[in-house]
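The values are calculated or read from the model by the stated rules, or taken from the named source; none is laboratory data. What you are looking at is a predicted structure, and each value in this text was computed from that prediction instead of being measured. In this analysis, Cβ positions are derived from the backbone assuming ideal geometry, glycine residues included, and neighbour counts consider all displayed protein chains. Just so you know, the surface numbers come from the protein's heavy atoms only, side chains and all, with ligands and any DNA or RNA stripped out. Shrake-Rupley method; radii C 1.70, N 1.55, O 1.52, S 1.80 Å.
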Amino acid sequence: ELYDTYGFPLDMTQLLATERGLTVDTAEFERLMEQQRERARASQKKEVIVAATEGESVDQKPTDFVGYSETQAAATLVEVVKTDKDTYLVFDRTPFYAEMGGQAGDTGTVTIAGTDFAVADTIKDKSGRFLHKLASVPASGLPAASSAATLRVSVDRRRAISRHHSAAHLIHWALRKVLGTHVRQAGTSKTSERMRFDFSHFEAMTPEQLKEVERLVNEKVIDNAPVSAYETDFDKKPEGTLAFFGDKYGARVRVVDIGGYSRELCGGTHVATTGEIGLIKVVAEMAIAAGTRRIEAVAGQAAFDFVAQREAALAAVGSLLSAGPNDVAKKLETLLAHQKDLEKKLRAIEQKASAALSAELAAAAVEKNGLKFVSAAVTVSEPEALRHLGSQVLARLGEGVVTLGAAFGDKTSLVAFCSPAAIKAGFQAGKLIGEIAGQLGGKGGGKPDFAMGGGKDAAKLEAVMAARL
């Protein structure tokens, strides 16, 4: 369905599946595709959607897309299409771009006989018809076929998407300049909020490379180069024009040319000049599969919003540090060095206190049958310190059993240690922790010589630990 209905390439499905630890059954894919080809040859009936005009003659002609030059157009309703969940309107012509090539479908409004229908998405079926998905069906009901309509695209959203689409072309061009001509588009997504560009490359990009890519693309934005699009025969496309995905192209193709330096086969919508993009900011770069990287970026208003958020965060940190934007890093570095020094001194103090506490606990041990027992609720800075203290106490006892607990808010941490002689006598740290944790509404366990656990009832800790002696 991804490949056949939405034109999503098999190799990208495999990449995304691998990213999630899944595999794709390509043999089954081929089997189902062959079935689909046989059905297509045998019948022209719709396979997923059921027309509301069932029983009548339905126009199966492709929709005439006029959205490259228009964002509003008059059209005639050809058909109302329904699925189990959604309702779609099909027109003879439309300015709405249908989702394809990684570009999100348009939204907007359709007006028929004075009634406005909100379009939540636009997709394209196998016949080349554009399906305008309704956000909801009004109480007045659905319009009749052959109704005259006015279609209006959400212009601000379309422009935001177009900025991200043109930005993707610029980023592709810049990546090939910075990394090399081995870079090839492996997948892409362009929405009004951001763009994602997947590309072939063998290693993570360095911060310097990312900075250079961002510099190059914004340099071209400032140049305000013209962006043109035209159709030509596939075998007559200009030299150096890039094609992707292993797509199957027809005899006629559409070339998008940015300033004469970036040429790609593309059916999407774009800005008229690069200056309309405003600003491009790279947000992230990551691996998505072996030999495939991903760049996420924002353009236009989304880029300005991103910068504003970063500036606000920097200002907040600067305020806390009482430092200006240019001094934040130096001030933070000084504070971190001071913190590291304080932590070192604190550890020395804690180690001294732990040694004193371990001696105190060992001195208070209860001796039974040749073994010494310590069970107490103590105060420590963190669970790891509790483990260290228990180990110190057992070392002072020689042979015996140590069970300690500490409260951290409403919860408790527990440790138990058993010496070899204690284990031989039948004591096991894991079982001891299980018993104590159970009394405190928690759980725990471990090996015979050492175990850890936790409880939910800190109020009972002192009484539970004291009762074990």
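For the condition in contact with a His (Cβ under 8 Å, 6 or more places away or on another chain), within 22 Å of Thr83 (Cβ to Cβ) and without any contact (Cβ under 8 Å) to a residue 60 or more places away in the chain, Val119 qualifies. Is it true that some residue in the stretch 386-397 is open to solvent by 30 Å² or more (accessible area, probe 1.4 Å), at pLDDT below 95 and not in a helix (DSSP H, G or I)? For the stretch 386-397, residues open to solvent by 30 Å² or more (accessible area, probe 1.4 Å), at pLDDT below 95 and not in a helix (DSSP H, G or I): absent. Residues that are part of a loop (DSSP other than H, G, I, E, B) and open to solvent by less than 60 Å² (accessible area, probe 1.4 Å) within the stretch 344-369 comprise just one, Ala365. Step by step: first the residues of the stretch 285-307, then only those that are open to solvent by less than 50 Å² (accessible area, probe 1.4 Å) and not in a strand (DSSP E or B), then the one that is farthest from Val328 (Cα to Cα). Which residue is that? This residue is Gly291.
For the stretch 432-466, the candidate set comprises residues that are without any contact (Cβ under 8 Å) to a residue 12 or more places away in the chain and either of a type in the set (A, V, I, L, M) or open to solvent by 80 Å² or more (accessible area, probe 1.4 Å) (or both); within that set, the residue that is farthest from Ala377 (Cα to Cα) is Lys443. Remark: pairs (first residue in the stretch 27-40, more than 21 Å from Gln14 (Cβ to Cβ) and polar (S, T, N, Q); second residue surrounded by 11 or more Cβ atoms within 10 Å (Cβ to Cβ) and at pLDDT below 85; Cβ separation under 6 Å; 6+ apart in sequence or on different chains) are absent. Candidates Asp327, Asp410: the one that is surrounded by fewer than 16 Cβ atoms within 10 Å (Cβ to Cβ) and free of Cβ contacts under 8 Å to residues at least 24 places away in the same chain is Asp327.
Restricting the search to strands (runs of 3 or more DSSP E) fully inside the stretch 168-284 and requiring at least 2 residues that are under 30 Å from Phe65 (Cβ atoms) and aliphatic (A, V, I, L, M) gives 227-233, 252-258. Looking only at residues of the stretch 131-145 that are under 29 Å from the mean Cα position of the chain (by Cα) and under 20 Å from Thr76 (Cβ atoms), we find that the one that is most open to solvent (accessible area, probe 1.4 Å) is Lys133.
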